Amino acid sequence: MSVQDDAIAKGYDSTLMRRLLQYLRPYWLWVIVAFIAIVGGSLADLAQPWLTAKAIDDHIAVNDLEGLWRLGRWFLLILITSFVFEYIQTSVMQMVGQKILHTVRRDVFTHLQRLDVKFYDRNPVGRLMTRVTTDVDALNDMFSSGVVTVFGDLIMLFGIMAIMVAMDWRLALVAFSVLPFIAWATAWFRRNVRENYRQVRGLVAKLNAFLQEHLTGMGTVQLFSQQARSYRQFEAINREHRDVNIQSIFYYALFYPIIEVLAALSGALIILAGGWWALEDQVSIGVLVAFLQYSRRFFQPISDLSEKFNILQAAMAASERIFGLLDTPVEMPTSAASSDRRVDGPGRIEFDRVWFAYKDDEFVLRDVSFVAEPGQRIGIVGATGSGKTTIISLLLRFYDVTQGRILVDGIDVREWPLEQLRMRFGLVLQDVHLFSGTISSNIRLGREDITDEAVREAAKAVHADRFVDRLPQGYDTPVAERGATLSVGQKQLLSFARALAFDPAVLVLDEATSSIDTETEGLIQDALHTLMAGRTVFAIAHRLSTIQDMDRILVVHKGQIRESGTHQELLALGGIYFKLWEVRPLIAPTSSDPSPAAAP
Amino acid sequence: MWRALQRLWPYVTSARHAMLAGVLWIVLATAISLTAPLILKYVIDDLLAGATRATLALAAAALLGLAIADGVCRYWMRQRLIGASRAIEYALRNDFFAHLQRLPLSYYQANRIGDLMSRASSDLGAVRLMVGPAVMYFGSTALGFVIAVALMVSIDPWLTLLALIPLPLVSIATHVFGKAIHEKFDRIQAQLSELSAVVQESLAGVRVVRAYRQEPFELSRFGAANDEYVHRNRSLIRLQSAFYPSLSFFFGLSGLVVLWFGGSGVINGRITLGDFAAFSRYLVLLSWPLIAFGWVINIVQRGIASWQRMLEVMDTVPAITDAEADPAALAGRVVGRLEVRHLSFTYPGATQQVLTDISFSASPGQTVAIVGATGSGKSTLLQLVPRLHDPPPGTVFLDGVDIRRVPLERLRRAMGVVPQEPFLFSDTVAHNIAFSRDGDPPKDAVAAAASAAGLDADVSGFGHGFDTMVGERGITLSGGQKQRAAIARALLVDPKVLILDDALSAVDTTTEDAILRRLRDVRETRTCLLVAHRISTVRDADLILVLDGGRVIERGTHTSLVAQGGVYASMDRRQRLEQELAAS
Ligand SMILES: Nc1ncnc2c1ncn2[C@@H]1O[C@H](COP(=O)(O)OP(=O)(O)O)[C@@H](O)[C@H]1O
Ligand SMILES: Nc1ncnc2c1ncn2[C@@H]1O[C@H](COP(=O)(O)OP(=O)(O)O)[C@@H](O)[C@H]1O
Ligand SMILES: [Mg+2]
Ligand SMILES: [Mg+2]
């Protein structure tokens, strides 16, 4: 169900097109205006050679200077009309296009905000970014230059054909005789260019991915002196990109001249046949000149059409990907039915025989059951990969359980409105995510109701104030991209302050202090004691010392809760926890040596 | 601007053969395509004067022949010129990337990756349009213009003059509009990158957004950026939609002039009807060059702006270079004796000094541990040794040589560094561990390094062992696994100096212990610099530095520091107390 990059549309797909046109619907009035402008503009364009023909036959040939002047005024009028129509057409269509893109972009982003975390596991951010930016731009090209002017081109084409037939149908047939060849050449061109375009797209994506990764990891490349190697890799992709592009030149270089030659052929035939008939006085010279002009204009829309076909094709491929994303079902819709549930429960949490697998039946959690009473502080320990983070992810309903249920204040998390469920939690993750903005906007996030005072207090509680106060603009100091100018520990302190500022009923900490020095960590824990009094706390830690004074400790091993109890009870049990504890003296051989014998 | 173009010149001359050939084909093609109307003129005059079928056939054949010749020329023109532009693009992209590789870490901290990306892709694309298609269109345009005007003059100089009167308006319009369009376009690009940044940030932090229910806020942030983007686009649209129609309008005026004055010329007998037809044809031919001219001007304006943006990067002098390096420095075996003398450091562009007067030294087999509060400058100190940031001259020495005098590559190859936030590439586990080795990863060495870093058990659990892909297209490693992979990567270098920045913070206790024991062997022959928070990790170091606010406030061995009764001693007391409390 992941959103693929390499979906290539067949060029024109009626269901896709219909869906795209849906977006046009609110602007139907404008579309009609633009349509009229296109028709009007095309007619005005068509009228110019016709007027020239008239001028030659009716006025110049019969020495009618007066008539020529009059006709000239018509010509001027038509020029002005054509200007007005063209202006209306392009501006209206592009404006409408922008509005539609605005909507598409908003729809995509809104949908992305509703999709669950699971979706993001499968779809790298880079790829999703392409949906919102590059793909939407491909649609933009279609709206602003492609589809709509295709109508103009078609009208032009058929208009010219009609006029030619009306002027002299025999000569018209002569002029049209090259059309089958044009159709054939265009089909050949399309086929080859499409395949080539797919390759180019793939290589551009590869180049961008490589660049993105190596710019982000440039420090590592430099540390290990691997510049030469990554340059070589980059150069190889770059070369392939160049070669595929050069190959595509061939098709373009051949196609355009072929169309030109066919146009000339048509012109030559007109001269031959038309001249013949002119000699026999069956065709006037004015008609002949007009025909030659029309046949020129007749080929212009054809080569335009093939150019636009490329744009259309790119847009189709892009919209296929965009709609694919929009059609990804939201697996955790907020259930509107239970939205009147009260928000302030005491914070009792129960896992009831929970099983969970990220993929198929590779169970990461097996039959996990426990209860956290309101106000209890629960520690979770276990080896890396044992499933600690997964427990927390299920609690916040990032994923839904495979079997069993999770109750928050007696209600299954699946019945809680997501928004209200998550409002009860404050989460601190090991990997800190900072947003662009200032220090204080990173603590407060979007909650305007958190005052500056509250921001400061939260920062103070986790001792982040010590470094914030030394920053040039204090809490208003801008945060660099990804917080690059802060130390890792400082970033963790900020995310800690964020959780406190939100004043949650349940605080969830996932190895939240791993990069913070022990002194500060101790101070934070003291602060938590006071701040979190009466609230439920879940703390994952890989260092036993940080959780030993918890009310209860859960020991997770290979997805199961193998032991549970207070620190003392667990030591007395002599099981996994005891073994985890036992290794400590090996690291600190001369400390107080809490050997098994020393344990009660 | 001239200076910028001068910088582009070498790239253009590198493809000079193709460029010259391309221009030659343009000349030929243009000359040929402009003779076609002449034939038209003779046909019409002939018809009026009583032509024969033979001359008609001749004219038709000539028309067709010319078109074929023209097509051949245009085929080669496109091949040569567009091909050259691709070659230039290729060279530029290579050089751009090569330069980026020379820029130090601080550059990447000060600039947005997304911004650099857009310079390497869309700006480069604009430059290519300038050196390829723009040259092509400009060539045929300028030539076509000159020849067409010459031929028109040969038919009727006065009529030509009259017909050309509206045309300067075209150029003026192109210039005025082009400038405004260009400015608007820049503003749109800036807003686009803003919009992308909002999306990027919101998607990358999806867990935080969900957990803190920031969806509505993110939507409103996005909405504002989206609105602004559309707003900026609209002002461009208003301009652009007036621009192109006004060009056609001016051409139309020329057509009108020709109709009036040319027509009366025919009536007066000044020119023939054939002249008139050919003249109209030329005017049509002229209209394309002039429209293309406006277009070319836009491409060139955009291309120059883009090229200047690329130059901003390419002209950034790398702050950390081999400029002061002595090629002979440490050319032989590196021992690994590290010395830091009175080192003070301020981040470039920052006001606050981060490190103040740090001194210590370490020989192979010795470990220097650094402890201290969050933000006290530990990572900064460690980053100065491999010159990720440059220390002031005469402060950091390897084997007695100022590291600024050691060629960068030699210096860094002597070191194995585990950063506090390790970065892994989306490649296999083996390739990541053997990142320091070019070519296929040596299996045994990779396995040995992985086992020393305590990663072996994890790896055997991955689907394809060491060949499992890491990152976006493979498995997601936990924080601890990432750290251990980074340790293995550093060990595989077989470094003289091992630098561990809080490298075990996300590893559980059992694993940490095991790794520390294995590392102890590694450390016996190497100089080791390590940052840690736990006393247990640092207690057997030969020298412990306690940093606070960038200064060393205490130094000594574990025993001497405990005896000293300062900050370190209280840290130790505190951590011991915790354990005792728990164990009692
Ligand atoms: N998003 C995910 N998709 C698939 N597997 C995952 C995902 N996150 C974690 N896992 C796997 O689930 C197991 C438990 O992971 P986790 O809960 O993160 O462990 P812990 O937090 O205890 O280190 C690991 O084997 C890990 O590889
Ligand atoms: N690239 C940078 N530019 C400016 N200041 C920085 C940069 N990196 C870190 N700092 C600042 O320098 C100080 C020391 O940071 P660091 O060495 O990372 O601390 P730690 O001891 O936690 O590793 C911090 O106050 C941090 O904000
Ligand atoms: Mg975890
Ligand atoms: Mg640090």
Helix A:488-501 against the longest principal axis of chain A: what's the angle in degrees, Cα atoms only, rounded to the nearest 10? 80
Quick one: work out Rg over Rh on the C-alpha atoms of segment B:7-314, Rh as Kirkwood radius. 1.12
Would you mind counting up the charge near A:Ser386? Only other residues with Cβ under 10 Å from its Cβ, with Lys and Arg at +1 and Asp and Glu at -1. +2
Cβ neighbours within 10 Å from other chains - mean over A:441-451: 2
Of all DSSP beta bridges in chain B, what percent run antiparallel (nearest 5)? 45
For a quick protection proxy, order the peptides B:247-256, B:566-575 by their average other-Cβ count within 10 Å, most packed first. B:247-256, B:566-575
Euclidean distance of C-alpha centroids, segment A:65-123 and segment B:166-195, integer Å: 18
Share (percent) of C-alpha pair distances in chain A greater than 45 Å works out to 44
Expressed in Å to one decimal, the Kirkwood Rh of segment A:431-503 from all distinct alpha-carbon pairs is 11.8
Rounded to the nearest 0.05, what FRET efficiency do B:Arg333 and B:Ser171 have when you use their Cβ-Cβ distance and R0 = 56 Å? 0.20
Relative to the present Cα-Cα distance, how much length would full extension add between A:Ile80 and A:Arg353 at 0.36 nm per residue of separation? 90.4 nm
Binned at 20 Å from zero, the C-alpha pair distances of segment A:14-326 give percents of 24, 46, 24, 7, 0
In whole angstrom, the spacing between the Cα centers of segment A:389-432 and segment A:244-306 equals 70
Chain A: antiparallel bridges as % of DSSP beta bridges, rounded to 5, reads 55
Give the angle, between 0 and 90 degrees and rounded to the nearest 10, that separates the Cα long axis of helix B:479-492 from the longest principal axis of the Cα atoms of chain B. 90
Mind grabbing the base-10 log of I(q)/I(0) for segment A:388-468 at q = 0.11, 0.12, 0.20, 0.21 Å⁻¹? Debye formula, identical points on the C-alpha positions, no solvent, two decimal places. -0.42, -0.50, -0.99, -1.03
How large is the convex hull of the Cα atoms of chain B per residue, expressed in Å³ as a whole number? 220
When the Cα centres of segment A:186-231 and segment B:264-340 are compared, how far apart do they sit, in Å? 23
Can you find, among B:Leu64, B:Pro495, B:Ala452, the residue farthest towards the positive end of the dipole of chain B? Put +1 on the C-beta of Lys and Arg, -1 on that of Asp and Glu. B:Leu64
Residue-normalised 222 nm signal for chain B, counting each DSSP H run of n ≥ 4 as -39,500 (n - 2.57), nearest 500 deg cm²/dmol, is -21500 deg cm²/dmol
DSSP loop (so not H, G, I, E, B), at most 13 other Cβ within 10 Å: list which GluC sites (Glu not before Pro) in segment A:424-467 pass both filters. A:Glu448
Using only alpha carbon pairs under 8 Å that are at least six residues apart, calculate the relative contact order of chain A and give it in whole percent. 15
For peptide B:90-101, compute the average count of partner chain beta-carbon atoms within 10 Å of each residue's beta-carbon. 5
Rounded to the nearest 0.05, what FRET efficiency do B:Thr557 and B:Glu524 have when you use their Cβ-Cβ distance and R0 = 22 Å? 0.80
Among DSSP beta bridges lying fully in the protein assembly as shown, give the percent that are antiparallel, nearest 5. 50
Can you pull the semi-axes for segment B:422-494, root of five times each eigenvalue of the Cα gyration tensor, sorted largest first, whole Å? 16, 13, 12
Once the mean of 1/r over all distinct C-alpha pairs in the protein assembly as shown is inverted, the Kirkwood radius in Å reads 34.5
For segment A:431-503: relative contact order, % (alpha-carbon pairs under 8 angstrom, 6 or more apart): 51
Could you work out, residue by residue across A:118-131, how many beta carbons of other chains sit within 10 Å of that residue's beta carbon, and then give the average as an integer? 3
Highest mean first, how do A:16-28, B:409-421 rank when packing is the count of other Cβ atoms within 10 Å averaged over residues? B:409-421, A:16-28
Contact order normalised by residue count of segment B:7-314, Cα under 8 Å, 6+ apart, percent: 31
Against the longest alpha carbon principal axis of chain A, how many degrees, from 0 to 90 and to the nearest 10, is the axis of helix A:147-167 turned? 10
Place the peptides A:533-539, B:327-333 in order of packing, highest mean first, counting for every residue the other Cβ atoms within 10 Å and averaging per peptide. A:533-539, B:327-333
Distance in nm between pseudo-label sites at B:Gln6 and B:Ser154 (7 Å out along the Cβ direction from Cα): 4.2
Would you mind checking A:Lys491/B:Lys378; B:Lys378/B:Lys443; A:Lys388/B:Lys378; A:Lys206/A:Lys388; A:Lys359/A:Lys558; A:Lys558/B:Lys378 for any pair whose Cα atoms are more than 26 angstrom apart? B:Lys378/B:Lys443; A:Lys388/B:Lys378; A:Lys206/A:Lys388; A:Lys558/B:Lys378
FRET efficiency estimate (nearest 0.05) - Cβ-Cβ, B:Glu183 to A:Met161, R0 45 angstrom: 0.55
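The numbers here are math on the coordinates, done by the rules we state, and not lab data. Just so it is clear, the model here is predicted, and its values are computed rather than measured. Methodologically, a virtual Cβ is constructed for each residue, glycine included, from the backbone with ideal geometry; neighbour enumeration extends over all protein chains shown.
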